[in-house]
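The values are calculated or read from the model by the stated rules, or taken from the named source; none is laboratory data. As the structure is a prediction and not an experimental result, all values here were calculated from the model. No Cβ is skipped: glycine too gets one built from the backbone with ideal geometry, and neighbour counts run over all protein chains shown.
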Amino acid sequence: MAMVPSANLLAPPNVWRRMRHRLAVVRHEPALLIVAILTLFFLYLIVGPVLSILGDAFVVQSGDSARLHQDEGSLTAYYLARVFASKMSSILIWTPLVHTLSIAVATVTLALTLGVTLAWLINRTDVFGRRWFATALVVPFMLPTWTFALAWTTIFKNGTVGGQPGWLQAMGFATPDWLAYGYLPTVFILTLHYTPLVFLIVGNALRRLDVQMEECARILGAGTRTITFSIVLPLVRPALLSAALLIFADCIGEFAVPYLLGLPINYDTLSTGLYRALSSRQNGVAAVLAVAIMTMGVITLLIDIRMMREARRFVTVGGRGAMERRQPLGSMRHLAASLPVLCVLIGVVLPLLTLFLSTVMILPGRFTPDNFTLAYWIGSDLHTIAMRNGILVAPDFWIAAWNTVRIVGIASVISGCLGLLVGYGVLRSPVSLLGNILRQITFLPYLVPGIAFAAAFLSLFAVARGPIPALYGTPFILMLALIAENMPFASRAGIAAMTQLGREPEDAARVAGAGFLTRMRRIIIPIQAAPLATAILLPFISGIKGVSLFVILAVPATDVLTTYSLRLLDYNYDQAANAVVLMIALVAWLGTVLIQRISGAGLSRGLES
Amino acid sequence: MPEISLHNLVKAYGKSAKPAVDGVNLTVADGEFMCLLGPSGCGKTTILRMIAGIEHASGGTIAIDGRPVDCVERGQFVPPEKRHVGLVFQNYALWPHMTVARNVDFGLRLQHVDASEREARCRDVMTKLRIIDYADRYPSQLSGGQQQRVALARMLAVNPGVLLLDEPLSNLDAALRLEMRAELRRLHETFGTTIVFVSHDQWEAMTLADTIAVMEGGHLQQVGTPDEIYARPANRFVAEFIGNPRINMIPSRDRKGQETDTASLGLKLTERLPRDVPIDVCGIRPEDIRLCETPADGALPFTVESIMPTGGSWVIELAHGEDRLFHSTQSRPRVRPKDQIGCLLPDEALHLFDGSGRRMSIPGYGMSAAA
Ligand SMILES: Nc1ncnc2c1ncn2[C@@H]1O[C@H](COP(=O)(O)OP(=O)(O)O)[C@@H](O)[C@H]1O
Ligand SMILES: [Mg+2]
C-alpha cells in the first residue's frame, strides 16, 4: 500500500492517462476506423457533389465569361437572376414549377383515393378474390414508370411528332395532343404506378389496427360511417400522410414519364427543364434548377419527418394478433371486385399486352394475321437500317445488357456491402457522434431527386479535380452515382440488420478468440447473408429500372438497357425499344420475386422500406 | 489456474450518469468458485463483461494471473480475443448459423488445433454436457436448457482458465436448475477452473458458490463464504438481501432520529442493549426468534396474526402493538391466529447496525445459530 501514493505522484495528469487507455481500447476496435473512413468517403461521394452544384449556381461557368464580362469561376448572381427574375423565368422555372406541382398534387390525390379504397376492399371486406388481388395489385409498382408511358404512346401517339403512329391514329381516330401527351397521361400513369404504394402502406396500417377498437365503438352505438371517420381514418392518418409525402417527393423528381410524354409538346416539368438546360450546356442555369429541385425534396421530406414524429404518439395502437374481421358485402361481393379487376387490367395487363403486341406487329394498329411477326425479337435481315437483327440476336442488346449487369450489378454489390459496414460502424462506433454523422450523410441522397443528384455528380466529376481524373464517359461515374443513390436504403437495411443481430454473437466470438476479420467472415457476414442479399438485389432492381442517372451520366460507350431503349426510340424503332423495355420489366419483376423468396418477408414490407 | 483481481474498478456509461460499477476491489483466488450476487441493475454483468474485455474500465485495474489486462492508469488494454477467458452470456449468444458441433469447435479451430484432436475434445465436452445427440442441430432447434449447455460447452471446449457465467440458472425451469447446478459443481471439481458467476438469486448463490461477493448500486458490500454472509452480514443491505423470509429489522429510533415511543418493541429492546453505542436498528432472523407459550422470563408479549405454510416450513406473523415480526419454523406450529404468546429475542441472535447501516461488533451479540 505504501507504493500507491508514490505511483500517483509519478503518474502524468489524469486526462492524459485516460486518453492513452482510450487509445489502447480503440486500437482493438476497428469500428472507429471503419466509421472514419466511410464518413470521409461519403462526404466526398454524397456531400461533395451537392456542394459542388450549389457552388456552380453562383459561379461563372465555362463558356459564359465572355457574355457576362466576368472571369470564369468568379462569383455571380446572374444564373439566379436569369432563372428567377428575367424574361426567361416563366419558361425556365415558373411554368415547369406549376406543371410539376399540379402533376404531383393530382397524382397524390388520385392515388390516395384509389389506394385507400382498394386497401379497404382487400383488407376489410370479403370481396371476391381478395387474396389474389393482394398480390396482383402491387405489380404496377414493380414496373418502371416509363413502361406505362411507352404503352400509352403505342396506343395514343399522334402526328405531332414523327415516326410510327399510335394504334388509334393508324386506325383513323385522330387523338388530340391533350390526350396523347402532357398533363393528362402523366398524371394517369403516375397514379397507376403509385396507387399500389398507398395500397401497401395503408393496407398494412389497417391490418395492424385492432378490430376491438372498432367493435368497442360499435357497442357504444356508432354506425359504420362514424366508425370510419372518427376511429379508422384518424388512426391510419399517419400512414396516409407518409404515403402522400413519399409520392409527392417522388413525383417532383420523376423524369422518365415527362421526358417521354412531355417533351414532344414542350410540356416541361422541373426535371425535364433541368435535363434540357444540361443538354444545351447551360450549366449555371441547370445548377440553379437542380438546387431548386433539391430544396423542394428536402422540404417535403422534412415535413414528413416532422409529421412522423408527431404521429409516433399513437403509432403503438396495433393490437397483437388482432382478429380478422371483415365486412360481408353480400351480393355485392362480386360486383365490388370489378374495381380491383379494372386496376389490374389497366395497370398490368393492358400496358404489358400492348407493349408485347407492339413488338410483334409490323405496322401499328393493324390486327391482321400477316401483320404479326417475331422478327423484332429473333429475326435477322430486318429492313431497319441500324438494327438489322431482332433484339435477342442483336449484339448491341447483349452488350447493353452486359453493361447493365456489370455496372448496376457491381454498384449494387458494393452498396449492399457498404450498407452492412455502415450498419456495423454506426452501431459499434465507440464515438457515437461520428456514427450519427455517418448515418445522416448516407441518408442525404434520399432527399435529393435522382435527376438533380445526377446533375450534381456531373458537376463534381465531369472534370479532373486533384488526384481524381475526369470520370465522365467512364463506367465509374455511373457506379459511384448508383452507389451514392443507393446508400439511404442500403445503410438503413444495414443498420436495421445489425441492430437486430445485437452485439452478443460477435462478443461471444471475441471471447472465443476471434480477431476482427475472422469475426466478419465467420460470424457477421454469414448471419447477415439474407439481409445482405436483399440489400444487393433491391438496388439492382431499382438501378435497372432507373432512367434519370443514366440519361445524364451515360455515354454511348457505357450504354445500358435503359439508354439503349431510349436511343432505339429516338430512331423510331419502336418495336425493338418496346422489346427491350419488356425485358427490363421482366428482370425487375423476377428480381422482386427473388427478394421475396430470400428474405421470406412479405413483398409489402420489402417495398415499403 | 489464474487468479483475477480487481482494483478500484470503475465503470461509467456516459459522463454524467452514476457509475454502474464504483470502486470495486475484489480478488478471485485461483480455482475459486465465486458468485457476484446482487439485485438486478447493480453492475454484476458489467463487471463480468469488463473481466472478459468486451467492455473497458473507466478507472482502476483488472489483472488476470498477475498480468494487468485493463489498466486505466497505465493505459493498458488487452482485447478479449487475447485474454483466454470463457464467458457464457445470459441469453447464450449462440451463433444461429452454425450447428451445435460447429458452435462448440469454433474456438478450437481458431487455435488451429488439428482435426482429430479437435474432434475428440468436442466429443468429450459434448458428451459430458449431454448434448452429443444434438450435434447436428441448429441452436433454434434446441430448448433453453440445451442451448445453455451448448453455450457452456462452447467455452469449455477450449478449456479456459477462467470461466465467467452470467446468470447461469435463471432462465431454466426448476428441474433443470437442479440438474445444471449439479453439473456446474461437477465441472468445477473436474476441471478446477476459476469460475465467477453472476446471480440475483440468493438460492443460486448460496447453493453453488464457495465465496459470495454481494453488490449493490455498483459497490461491493461484502465478500465471504455463504455461511459468513448469512451469519455476519456486514451491513443492513446484506442482512436484508440475504435470507428468506427476510430478516426482521427493529428500529431503535423513529424516523426523526428520536427514541421511539415507550410502547414500541424498539425501545424495549434498546433497554437491554449497551447504552453507550449509537445503535440504529436491530435485526433478528426469523428462525432465531423463540416462541414460548407461557410468558417466560424476558419474553415479550405478542399476538399471532397469521400463519403461512410455505411447504415444509411455516412463517408466523407476530404483532406487538404496531410492530410486526416474522418467525419461521420447521415444525408444525401449535399456535393459532389471535393466540397470545411470548417471544424470546436472544441477545446473541441480534444483529446491530449503526446509523450508516454498518454492522456493529459488540461482544455477545450477532452470533446467530449458523455461525
Ligand atoms: N451499455 C450500457 N449503456 C448504458 N448503461 C448501461 C449499459 N449497460 C448497463 N448499463 C447500466 O449499468 C447498470 C448496471 O447494469 P448491469 O451490469 O447489466 O446490471 P446487472 O447485471 O447487475 O443486472 C444498470 O443501471 C444499467 O442500466
Ligand atoms: Mg445482468
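For B:Thr99, work out the one condition from (1) within 16 Å of ligand 2 (Cβ to nearest atom); (2) surrounded by fewer than 19 Cβ atoms within 10 Å (Cβ to Cβ) it doesn't fulfil.
(1) is the only condition that B:Thr99 fails.
Cβ contacts < 7 Å: first residue closer than 22 Å to A:Ile305 by Cβ and not assigned by TED's automatic domain parsing to the domain that holds A:Val211, restricted to the range A:223-241; second residue exposed (fewer than 15 other Cβ atoms within 10 Å of the Cβ) and modelled with pLDDT of 80 or more, any location; separation 6+ or different chain. Result?
No pair meets every condition.
Pick from B:Ile195, B:Ile212: which is more than 16 Å from ligand 1 (Cβ to nearest atom) and crowded, with 20+ Cβ neighbours inside 10 Å?
Numbers: B:Ile212 fails: more than 16 Å from ligand 1 (Cβ to nearest atom).
Matching residue, one of B:Ile195, B:Ile212: B:Ile195.
Give B:Ile62, B:Ile51 a once-over and let me know the one that is more than 11 Å from chain A (Cβ to nearest Cβ) and of a type in the set (Val, Ile, Thr).
Going through B:Ile62, B:Ile51 in turn, the sole match is B:Ile62.
One residue is enough: does the range B:205-226 have a residue meeting the conditions under 20 Å from B:Ile247 (Cβ atoms), among the acidic types (Asp, Glu) and part of a loop (DSSP other than H, G, I, E, B)?
no
Scan B:Leu87, B:Leu36, B:Leu94 and give me the residue that is within 16 Å of ligand 2 (Cβ to nearest atom), within 11 Å of chain A (Cβ to nearest Cβ) and crowded, with 20+ Cβ neighbours inside 10 Å.
B:Leu87
Of the residues in the range B:283-303, how many are part of a loop (DSSP other than H, G, I, E, B) and of a type in the set (A, V, I, L, M)?
Selection size over the range B:283-303: 3.
Take B:Lys44 and decide whether it is farther than 30 Å from B:Ser143 by Cβ and of a type outside the set (A, V, I, L, M).
Taking the combined requirement at face value, the residue does not satisfy it.
Any chance the range A:160-176 includes a residue that's surrounded by fewer than 24 Cβ atoms within 10 Å (Cβ to Cβ) and over 26 Å from A:Leu569 (Cβ atoms)?
No, because not a single residue in the range A:160-176 is surrounded by fewer than 24 Cβ atoms within 10 Å (Cβ to Cβ) and over 26 Å from A:Leu569 (Cβ atoms).
Please pick out the residue among B:Val104, B:Val78, B:Val69, B:Val85 that is in contact (Cβ under 8 Å) with a residue 12 or more places away in the chain, over 25 Å from B:Leu220 (Cα atoms), among the β-branched types (Val, Ile, Thr) and away from ligand 1 (no atom under 16 Å from the Cβ).
B:Val104
Any residue in the range A:340-357 that is in contact (Cβ under 8 Å) with a residue 60 or more places away in the chain sitting within a Cβ distance under 9 Å of a residue that is among the charged types (D, E, K, R)? List the pairs, counting only those 6 or more apart or interchain.
Listed by first residue and then by second, the contacts come to A:Pro340/A:Arg130.
State yes or no: is A:Phe58 aromatic (Phe, Trp, Tyr), surrounded by 19 or more Cβ atoms within 10 Å (Cβ to Cβ), closer than 24 Å to A:Phe453 by Cβ and not assigned by TED's automatic domain parsing to the domain that holds A:Val291?
no
Could you list, in sequence order, the residues of the range B:39-54 that are within 12 Å of ligand 2 (Cβ to nearest atom) and not hydroxyl-bearing (Ser, Thr, Tyr)?
B:Pro39, B:Gly41, B:Cys42, B:Gly43, B:Lys44, B:Ile47, B:Leu48, B:Arg49
Out of the range B:12-26, which residues are more than 8 Å from ligand 1 (Cβ to nearest atom) and surrounded by 15 or more Cβ atoms within 10 Å (Cβ to Cβ)?
Hits for the range B:12-26 are B:Ala12, B:Pro19, B:Asp22, B:Gly23, B:Val24, B:Leu26.
Report yes if some residue within the range A:484-497 is acidic (Asp, Glu) and more than 14 Å from chain B (Cβ to nearest Cβ); otherwise report no.
Yes: one or more hits.
Anything in the range B:14-33 that is assigned to a strand (DSSP E or B) and either within 11 Å of chain A (Cβ to nearest Cβ) or within 16 Å of ligand 2 (Cβ to nearest atom) (or both)? List them, or say none.
Scanning the range B:14-33 gives B:Val21, B:Val24.
Scanning for something assigned by TED's automatic domain parsing to the domain that holds A:Glu254 and either touching a His at 6+ places or on another chain (Cβ under 6 Å) or at pLDDT 80 or above (or both), does the range A:210-219 turn up at least one residue?
Yes.
Identify all residues within the range A:514-529 that are more than 25 Å from B:Asn159 (Cβ to Cβ) and facing chain B (nearest Cβ under 7 Å); write none if there are none.
Hits for the range A:514-529 are A:Pro526, A:Ile527.
Quick check on my filter: what residues within the range B:148-203 are in a strand (DSSP E or B), within 14 Å of chain A (Cβ to nearest Cβ) and not acidic (Asp, Glu)?
Those that are in a strand (DSSP E or B), within 14 Å of chain A (Cβ to nearest Cβ) and not acidic (Asp, Glu): B:Val162, B:Leu163, B:Leu164, B:Leu165, B:Val196.
Taking the options B:Ala157, B:Ala213, name whichever one is away from ligand 2 (no atom under 16 Å from the Cβ) and not polar (S, T, N, Q).
Being away from ligand 2 (no atom under 16 Å from the Cβ) and not polar (S, T, N, Q) holds for just one of B:Ala157, B:Ala213, which is B:Ala157.
Quick check on my filter: what residues within the range A:498-513 are more than 7 Å from chain B (Cβ to nearest Cβ), closer than 14 Å to B:Arg49 by Cα and assigned to a loop (DSSP other than H, G, I, E, B)?
Of everything in the range A:498-513, just one residue is more than 7 Å from chain B (Cβ to nearest Cβ), closer than 14 Å to B:Arg49 by Cα and assigned to a loop (DSSP other than H, G, I, E, B), namely A:Arg503.
Tell me whether the range A:556-575 contains one or more residues that are in a helix (DSSP H, G or I), of a type outside the set (Lys, Arg), farther than 27 Å from A:Pro449 by Cβ and in the same structural domain as A:Ile407 (by TED's automatic domain parsing).
In the first step, residues of the range A:556-575 are kept if they are in a helix (DSSP H, G or I); the result is A:556-558, A:561-570, A:574-575.
Next, only the ones that are of a type outside the set (Lys, Arg) stay: A:556-558, A:561-566, A:568-570, A:574-575.
Now drop any that are not farther than 27 Å from A:Pro449 by Cβ, which leaves A:574-575.
Still in the running and in the same structural domain as A:Ile407 (by TED's automatic domain parsing): A:574-575.
Yes, the conditions are met somewhere in the range A:556-575.
Is the range B:66-77 home to any residue that is facing another protein chain (nearest Cβ under 7 Å), part of a loop (DSSP other than H, G, I, E, B) and closer than 27 Å to B:Ser199 by Cβ?
no
Determine which member of the set A:Thr125, A:Thr113, A:Thr109, A:Thr153 is buried (at least 22 other Cβ atoms within 10 Å of the Cβ) and of a type in the set (Val, Ile, Thr).
A:Thr153
With the requirement that a residue be in contact with a Ser or Thr (Cβ under 7 Å, 6 or more places away or on another chain) and within 30 Å of A:Asn266 (Cα to Cα), what does the range A:96-135 give you?
A:Pro96, A:His99, A:Thr100, A:Ile103, A:Thr107, A:Leu110, A:Ala111, A:Leu114
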